[in-house]
Structures are given as C-alpha cells and as structure tokens.
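Structure, as structure tokens:
The values are calculated or read from the model by the stated rules, or taken from the named source; none is laboratory data. The model shown is predicted, which means the values in this text are computed figures rather than measured ones. Reconstructed Cβ throughout: ideal geometry from the backbone, glycine too, with neighbour counts over all protein chains shown.
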C-alpha cells in the first residue's frame, strides 16, 4: 500500500508540474507573438495577393500555425485586404501588385469588391500582373483587371460559362420510407425542394436562371471592358467550347502570354528600375498587413457589427449568428454613448426564423438611438434579409444574393423507416391530444398539419410586415416580390429591397455622414479574442476538424456540412435560402 501511494503521489506531482510548465509555456508563446517586431517593407517591393485564399468577413488567426511560423497563421479580412490595396496605391515602397489567380473561393460579391479596389490601384502608374498555371473563371474574374495576364504554356484558363446544381433527396427518402412533411410559404421558396421533388420546379428554374445569368453577365461585362472584346464574342467562346488550352486563350486575347514562373519574374523585374528576377522583393499580403497601419482614427466612432454565418438560437456557437450573443452585443452598442453610428455587415443565408426576429427587434431599438446602415456581403438572404430590412439604409454589391423572403418547416416522419428497416417501434402515453407534437415517430394528422402550416403562414406574414415597414412599401407589393424569390443586388435595387450598390467602405462613409461625423475610428464587433483565448478555445475543434477533413477529403467534408445543415432545419421554422452549388465559377 505504501508503494501504491508513493507511486500515485509521484505521478500526480509529475502531472501537476507538467501542466504548470505547459501553461507557462503557452503564456510565453502568446506573449512573444503579441510583441513581435513590425515588418519593414523593402523599397521596390511587389505586393503578392493570392486569391486562392478565402478572405473572411473578420480577420482570423490559426494559433497553431502562428506558433510554428509567425505571420503565416493570420488571414486578413476582406475589408482589411481592400484597405491594404488602397494603402499600397500610395505606398512608395510598393511598385506593383502580382495576383496569383489559380483558384478563387471568395464569393461573387467579395470578388467584385477586390476587383474594384484593384481597378482603383491601377489609376496610378503602378502595374498589376496576374499569373497562374491554370486559371479558373472565378480566378479570372479578379485577374481580369491586370495590365497583363499570363499562364503556363501547358496550362490554360477555364472558359465554359456558369452552371448551377443541387442535390435531390426525395428518391433516397422514398427508398428509406422516410416521409418529409414539409410546410412552406412562398412559391419560390426552394430550400425544401430536395425533399419534395426529384428535380427543380419551374419556379425555381426561373429564379435560378435569372440570378445566375445576372452574375454571369457581370463576369462577361467585366472581361469585355478590360480586354476590349465584345461581350457576345466572349459568350460565343464559351458556347462553342473554343477555349480548350492555353494557346486557345492566347489566340482569343483572353491572356497576354504563355510563360514559366522564372520568365514571369523576368517580366516583373523589367518593370522595376534596377531589379532582377533574383532580387525582386515579393511581399505577401499577410506580411504587408503586419507592417501597415490601416485603422482610421478621429473623434467619432463607427461600430461595424459582422453578422457572418447561419442564424441560430442560443449562444457561443462558432461561425454562426447566435441570437443570445447578438442580442447582448447590440444592446451593449446601443447603450454605448461613444458610438455615433452602426454598420451591420451581413453575410448570411439565414436560418432560424425566431432568432432572426430576435435580432431584428434589437436592430429596431438600435436605430432609434443612432443611425444604422446595412452592408450586404456575398449573401444577405431570407433570415439575412430579415435582420437587414429595418436599417436606415441598405447597401449591397451588384452580385450579392439577397431577398428569399419566405418561410418553411420540415418535420420528418421516421416511423416506417424505423419499423420496416430497423425493426424499431414506439409507444407511449400523453396527457393532452397534441402534447407529443411535433414528433418524428409518426405522421402528423390533418389537424396537426394545419397547425404547422398556420405557424409558417403567420411567420411569413410577420416577415413581410417587417420588410414593408422597413422599406416603406405596402405589404401587397412586398408579397409580389417575396414568395421566397432570390435576387441579385443589382435587381434588388430596382425593386426596392436595397437602396444602393456599394461596398462596406461606402456603407461606413454613409453611416458617418448620417451621424454628422467627419473623422472617425472603427470598432469591429464581435471583438476578437486574445491569442491565448483563441488557442485554448479552438484547440479541440482544430484537431477534430483537421483530422476529419484529412480522412474523408474536402469535398466529402462539404457534403457532411450540408447534411448537418439539413438536420438543423428539421422541426424549427426557417427563413433560409436554398443551398447553392455553382459549378464552373
């Protein structure tokens, strides 16, 4: 027994010492990272923007990568990227921009904001060059602003037009004897079509064709303006499949040359006095961000609230717009007398109808105290539009996906599946007729179905009423443009769902003008956590997510996330847009 306690206490002491040392080590690492020396940008540098990186709404730090390699784990936000491009325009150390354009996971609206900033950069005598071994269409969307575009002799560019595809589950559900009991309001509300049909409805095909062609036309018009090629000819190249390799792209004047990486560096060197291919100072956007002060300053204060992700009930849900968190956050900003105006940056496909209404209410109270301007990102649809509709002014990018004013609810009946496929049955007792409603173990009876549909219709009426009040339109007019229909920003302006086409920067300037503030600083919310908090809070998720992704692959990971989304939609009324899978973007 004596040996047991001796061994036990020795092990316990060793574990305690190890934990303390590890804790102190983490603090030391965090302190060291927070005190890192600022980067000095060399003269005659070239800023490198790799658009195969996705620029989030708020800057992110991967603490694990940052520990191993400083400045490699930080990703600037989209607004920070735009600000850095503007700064580079005036920075004498930066002689030009090199765009790496193989892929582009950024949304259509985000890509347009990047393009606009690069076009502004080109107003100087500085150059913009784009290159990749192969260039996707979405990569070309941004790369098209360059003075010259190059690709690899054996590479090429994608030029096939855009397509849209969605997955339908009805056939699978029929085989499994699962009955998806669907209740919806809005003939265009297509989020539940995968459960109801085996192909797209005519209404859904119509709305999808309109917005997809709208985005495609923006892409073609941008390329036409930059390459001085008629838009109809560019569409012809896609329709007839004329761009199959790099030489086809060169002959069609879509690019300026076929070069290898070393040859590209020689081309860049010739644009910089005294530089050679071996002496060019290439500065990554992360490195430039660490060396460049981009935050504004002034007597005024503009709060920018980033509402990014699915709208959900509850709190502390990562990468989501959780009702409790945002209610507290907006209340805090409303009571903060030092904040003059607020910009709500919405990048959300929607989600819980109840959570959307909770946030809508807080925005309604907030605008009574200070100006509120909405800036829409890639998506501000369904619940994303719900929380936006009552602002003093709404800005959207031309290719923002918005609208989708409609409601649905899904209650799956798993009774036959459980009984016939698994041999599982259910029984129980209840104290009232509808005390087990809604249930997934049996079909809803006609009265219960009427209750469910009535609830959806009530929420839809409330949604339209919120929009009608916020946009100062009649509810009948809102109903005519609602019905769950998706619109792009350019069309949303025409029908009155949006006030102006503009980016976050313009929305902030508008909010400042409303508040009569000439000079101002910006406060971003939700506020970023410290490195140490981020490290501890993200450790488990980082390890778990990374392991699963590596095991099943990125594409299968995306499918898994969609299945999780389907599960999340069950039972609770949703103001959510359909899941988009755009091919050849």
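With 130, 117 as the choices, which residue is touching a strand residue (DSSP E or B) at 6+ places or on another chain (Cβ under 7 Å), modelled with pLDDT of 95 or more and either assigned by TED's automatic domain parsing to the domain that holds residue 77 or more than 24 Å from residue 93 (Cβ to Cβ) (or both)?
Values: 117 fails: touching a strand residue (DSSP E or B) at 6+ places or on another chain (Cβ under 7 Å).
Selected residue: 130, the only one of 130, 117 that is touching a strand residue (DSSP E or B) at 6+ places or on another chain (Cβ under 7 Å), modelled with pLDDT of 95 or more and either assigned by TED's automatic domain parsing to the domain that holds residue 77 or more than 24 Å from residue 93 (Cβ to Cβ) (or both).
Out of the range 144-156, which residues are modelled with pLDDT of 95 or more, more than 23 Å from residue 211 (Cα to Cα) and crowded, with 21+ Cβ neighbours inside 10 Å?
145, 146, 149, 150, 151 - these are the residues of the range 144-156 that are modelled with pLDDT of 95 or more, more than 23 Å from residue 211 (Cα to Cα) and crowded, with 21+ Cβ neighbours inside 10 Å.
Exactly one of these conditions fails for residue 288: (1) more than 27 Å from residue 90 (Cβ to Cβ); (2) outside any loop (DSSP other than H, G, I, E, B). Give me its number.
Residue 288 satisfies all of (1) more than 27 Å from residue 90 (Cβ to Cβ); (2) outside any loop (DSSP other than H, G, I, E, B) except (1).
Exactly one condition in (1) buried (at least 21 other Cβ atoms within 10 Å of the Cβ); (2) part of a loop (DSSP other than H, G, I, E, B) is not met by residue 140; state its number.
(2)
State all residues of the range 75-107 that are out of contact with any helix residue (DSSP H, G or I) (no Cβ under 9 Å at 6 or more places or on another chain) and in a helix (DSSP H, G or I); if no residue qualifies, say none.
Once the filter is applied, which keeps residues that are out of contact with any helix residue (DSSP H, G or I) (no Cβ under 9 Å at 6 or more places or on another chain) and in a helix (DSSP H, G or I), the range 75-107 yields only 90.
Confirm whether residue 134 is touching a residue at least 24 places away in the same chain (Cβ under 8 Å), farther than 14 Å from residue 226 by Cβ, within 25 Å of the chain's Cα centre (by Cα) and surrounded by fewer than 17 Cβ atoms within 10 Å (Cβ to Cβ).
yes
Out of contact with any strand residue (DSSP E or B) (no Cβ under 9 Å at 6 or more places or on another chain), at positive phi and surrounded by fewer than 16 Cβ atoms within 10 Å (Cβ to Cβ) - does that describe any residue in the range 272-288?
yes
Here are some residues: 427, 479, 457, 491. Which one is part of a loop (DSSP other than H, G, I, E, B) and surrounded by fewer than 20 Cβ atoms within 10 Å (Cβ to Cβ)?
After ruling out the rest, the residue left standing is 427.
Please specify each residue of the range 147-175 satisfying the condition of being out of contact with any helix residue (DSSP H, G or I) (no Cβ under 8 Å at 6 or more places or on another chain) and either closer than 26 Å to residue 91 by Cα or without any contact (Cβ under 8 Å) to a residue 24 or more places away in the chain (or both).
Within the range 147-175, 147, 172, 174, 175 qualify.
Would you call residue 402 touching a strand residue (DSSP E or B) at 6+ places or on another chain (Cβ under 7 Å), crowded, with 16+ Cβ neighbours inside 10 Å and under 26 Å from residue 362 (Cβ atoms)? Working first, answer last.
On the way: touching a strand residue (DSSP E or B) at 6+ places or on another chain (Cβ under 7 Å): yes; crowded, with 16+ Cβ neighbours inside 10 Å: yes; under 26 Å from residue 362 (Cβ atoms): yes.
For residue 402, the condition - touching a strand residue (DSSP E or B) at 6+ places or on another chain (Cβ under 7 Å), crowded, with 16+ Cβ neighbours inside 10 Å and under 26 Å from residue 362 (Cβ atoms) - is met.
Would you confirm whether or not the range 166-182 contains a residue that is part of a helix (DSSP H, G or I) and crowded, with 20+ Cβ neighbours inside 10 Å?
no
Are any residues in the range 294-339 without any contact (Cβ under 8 Å) to a residue 40 or more places away in the chain and either part of a helix (DSSP H, G or I) or not assigned by TED's automatic domain parsing to the domain that holds residue 377 (or both), and if so, which ones?
323, 324, 326, 327, 328, 330, 331, 332, 334, 335 - these are the residues of the range 294-339 that are without any contact (Cβ under 8 Å) to a residue 40 or more places away in the chain and either part of a helix (DSSP H, G or I) or not assigned by TED's automatic domain parsing to the domain that holds residue 377 (or both).
Out of the range 311-336, which residues are within 14 Å of residue 301 (Cβ to Cβ) and either modelled with pLDDT under 95 or touching a helix residue (DSSP H, G or I) at 6+ places or on another chain (Cβ under 6 Å) (or both)? Quick ask: steps written out before the conclusion?
Keep residues of the range 311-336 that are within 14 Å of residue 301 (Cβ to Cβ), which gives 332-336.
Residue satisfying the conditions is 334 alone.
Scan (1) outside any loop (DSSP other than H, G, I, E, B); (2) touching a helix residue (DSSP H, G or I) at 6+ places or on another chain (Cβ under 6 Å); (3) touching a residue at least 60 places away in the same chain (Cβ under 8 Å) for the single condition residue 399 breaks and write down its number.
Unmet for residue 399, out of (1) outside any loop (DSSP other than H, G, I, E, B); (2) touching a helix residue (DSSP H, G or I) at 6+ places or on another chain (Cβ under 6 Å); (3) touching a residue at least 60 places away in the same chain (Cβ under 8 Å): (1).
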